[in-house]
Amino acid sequence: MANLLVTGGAGFIGSNYVFYHLTNFPADNVVVLDALTYAGCRETLDPLIDNPHFTFVKGDILDEKLVVSLIEKYKIDVIVHFAAESHVDRSILGPDAFIKTNIEGTYCLLKAAYKMWVKDGVCHGHFHHISTDEVFGTLSLTDPPFSEENPYRPNSPYSASKASSDCLVRAFVHTYGLKATITNCSNNYGPRQFPEKLIPLVITNLLTGKEVPVYGDGKQIRDWLFVDDHCRAIDAAILSGQSDKTWNIGGRAELTNLEVVNTVCECIDEEFKEDSSLKDRYPSAYPAKGMSCKKAIVHVTDRPGHDRRYAIDPRKAEAELNFKPSLTFKEGIKLTLLWYLNNDKWWRELKKRTKDFSVR
Ligand code: NAD
């Protein structure tokens, strides 16, 4: 049995991880530490309120004293660190919060873990750090995908702050004997994602009859992974019992942004054909007016320094963690769409917070 501290557990991947973990390891105890920034939503975790194995604490990862007291009080032996500022566009407009949370925040957590766990050179806990493939920079169409051996070449303030946090984790392993692992994952999608990110932005804009913005020519390539598959890889990394290891996690699903948007459009068009009640629930959606969702696509000015291609070579994770994506991209999009259709109130509330970014 383990006692987990999950930072950022009220955000997209963190909340999915908490549901995933408590379903698969119901005897474990999970304490979520989340500052509830604009991206955090306490209500996402409401279904767990009566679960005696779940505790929610509103607080900042920069508060080292709080983190130390939580490790002590709940006998935490695993930290799964998701908390971050995570939106690239926001990092371009205001990098300060990214430096603070992603770099200093990770540093605070590492210090607390070291203080509480490392005794006489032996570490009595495990720190798992969630990172991104964006730390590796960009690829041309002909480059091989990122392996764990690729040098770090971050291009945005977001990816630079994540790269720095990865380096700090590594330094705490090598310098202070902390037991830690890192996963660098490609783009996630699935339920409970804040509607400023590409896929939920597209779904919720289409359901409310808004245009769908696509940066530049839409030919930027990303690899996509359904969030539960990422959660499974994280648990496999922790359960491997190893330290000082990183794994690249990806879905073997390289797609252009335009292909992603077109797939979402097709799934919504199909869903409207199958379920006639959707026309009444979403009267301003394009298919309710007899048009394909693809009519909603508009090309907007590209993001500065926009990386052209990210791609993941997941062979190490496949070999060592028995990792394999469980769904095709279209299957995952259908599941995601159903979740958004069944959780209308949740995303409408959050969409109000995304005004500045809703057509970026
Ligand atoms: P998110 O923005 O949806 O959630 C972040 C959560 O962290 C929010 O609940 C927020 O309230 C919380 N938080 C922010 N600052 C905090 C602080 N100082 N103290 C405590 N809590 C704080 O992010 P996400 O998309 O779920 O990403 C989670 C992690 O996974 C991040 O570290 C991100 O870099 C990484 N990642 C994300 C993706 C992706 O596609 N979303 C891919 C690879 C890696």
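The values are calculated or read from the model by the stated rules, or taken from the named source; none is laboratory data. All values derive from a computational prediction rather than experimental measurement. So basically every Cβ, Gly included, is an ideal-geometry build from the backbone, and we count neighbours across all protein chains shown. Ligands, DNA and RNA are excluded from the accessible area calculation, which covers all protein heavy atoms including side chains. Shrake-Rupley method; radii C 1.70, N 1.55, O 1.52, S 1.80 Å.
Per-structure values
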{"quantity": "Long-range neighbours under 6 Å by Cβ, at least six apart or interchain, first residue within 20 Å of Ala39 (Cβ to Cβ) within region 52-69, second modelled with pLDDT of 95 or more and among the hydroxyl-bearing types (Ser, Thr, Tyr)", "calculated": "Ile61/Thr7"}
{"quantity": "Pick from region 23-48, criterion of a type in the set (D, E, K, R) and free of Cβ contacts under 8 Å to residues at least 60 places away in the same chain, ranking: nearest to Lys351 (Cα to Cα)", "calculated": "Arg42"}
{"quantity": "Criterion: surrounded by fewer than 19 Cβ atoms within 10 Å (Cβ to Cβ) and either more than 25 Å from Thr354 (Cβ to Cβ) or not polar (S, T, N, Q) (or both) - qualifying residue of Val227, Val212, Val300, Val261", "calculated": "Val300"}
{"quantity": "Per-region count, region 335-360, residues open to solvent by less than 90 Å² (accessible area, probe 1.4 Å) and either in a helix (DSSP H, G or I) or modelled with pLDDT under 95 (or both)", "calculated": "16"}
{"quantity": "Residue tally, condition away from the ligand (no atom under 15 Å from the Cβ) and open to solvent by less than 10 Å² (accessible area, probe 1.4 Å), over region 7-31", "calculated": "0"}
{"quantity": "Among (1) under 30 Å from Asp302 (Cβ atoms); (2) touching a strand residue (DSSP E or B) at 6+ places or on another chain (Cβ under 9 Å); (3) open to solvent by 60 Å² or more (accessible area, probe 1.4 Å) - the single one Ser131 does not satisfy", "calculated": "(3)"}
{"quantity": "Tabulated pairs, region 185-207, first modelled with pLDDT under 95, second near the ligand (Cβ under 7 Å from one of its atoms) and assigned to a loop (DSSP other than H, G, I, E, B), C-beta under 7 angstrom, 6+ apart or interchain", "calculated": "Phe194/Ala39; Glu196/His87"}
{"quantity": "In region 55-76, residue nearest to Met116 (Cα to Cα) [restricted to those that are surrounded by 21 or more Cβ atoms within 10 Å (Cβ to Cβ) and away from the ligand (no atom under 14 Å from the Cβ)]", "calculated": "Ile71"}
{"quantity": "Subset of region 165-186 [open to solvent by less than 40 Å² (accessible area, probe 1.4 Å) and either within 15 Å of the ligand (Cβ to nearest atom) or touching a helix residue (DSSP H, G or I) at 6+ places or on another chain (Cβ under 7 Å) (or both)]", "calculated": "Ser165, Asp166, Val169, Phe172, Leu178, Ala180, Thr181, Ile182, Thr183, Asn184, Cys185, Ser186"}
{"quantity": "Of all residues making up region 192-204, the number that are surrounded by fewer than 22 Cβ atoms within 10 Å (Cβ to Cβ) and more than 12 Å from the ligand (Cβ to nearest atom)", "calculated": "1"}
{"quantity": "Pairs with Cβ under 9 Å, 6+ apart, first in region 73-93 and touching a residue at least 24 places away in the same chain (Cβ under 8 Å), second among the basic types (Lys, Arg) and open to solvent by 20 Å² or more (accessible area, probe 1.4 Å)", "calculated": "Glu85/Lys100; Ser86/Lys197; His87/Lys197; Val88/Arg303; Asp89/Arg303; Asp89/Arg360; Ile92/Arg303"}
{"quantity": "Test: Ala97 is closer than 22 Å to Phe226 by Cα and either open to solvent by less than 10 Å² (accessible area, probe 1.4 Å) or in contact (Cβ under 8 Å) with a residue 12 or more places away in the chain (or both)", "calculated": "no"}
{"quantity": "Region 32-54 - residue that is away from the ligand (no atom under 12 Å from the Cβ) and buried (at least 17 other Cβ atoms within 10 Å of the Cβ) and, of those, farthest from Lys115 (Cα to Cα)", "calculated": "Leu48"}
{"quantity": "Out of Ala97, Ala83, sole residue that is within 23 Å of the chain's Cα centre (by Cα), within 11 Å of the ligand (Cβ to nearest atom) and either at pLDDT below 95 or part of a loop (DSSP other than H, G, I, E, B) (or both)", "calculated": "Ala83"}
{"quantity": "Meets criteria (modelled with pLDDT under 95, open to solvent by 10 Å² or more (accessible area, probe 1.4 Å) and among the aliphatic types (A, V, I, L, M)) for Leu255", "calculated": "no"}
{"quantity": "Enumeration of residues in region 240-263 that are out of contact with any Leu (no Cβ under 9 Å at 6 or more places or on another chain) and outside any loop (DSSP other than H, G, I, E, B)", "calculated": "Lys245, Thr246, Asn248, Glu254, Leu255, Thr256, Leu258, Glu259, Asn262"}
{"quantity": "In region 291-309, the residues that are of a type in the set (Gly, Ala, Ser) and at pLDDT 95 or above", "calculated": "Ser292, Ala296"}
{"quantity": "Among the residues listed as Asp217, Asp235, Asp244, the single one being out of contact with any Ser or Thr (no Cβ under 6 Å at 6 or more places or on another chain), of a type outside the set (S, T, N, Q), surrounded by fewer than 22 Cβ atoms within 10 Å (Cβ to Cβ) and modelled with pLDDT under 95", "calculated": "Asp217"}
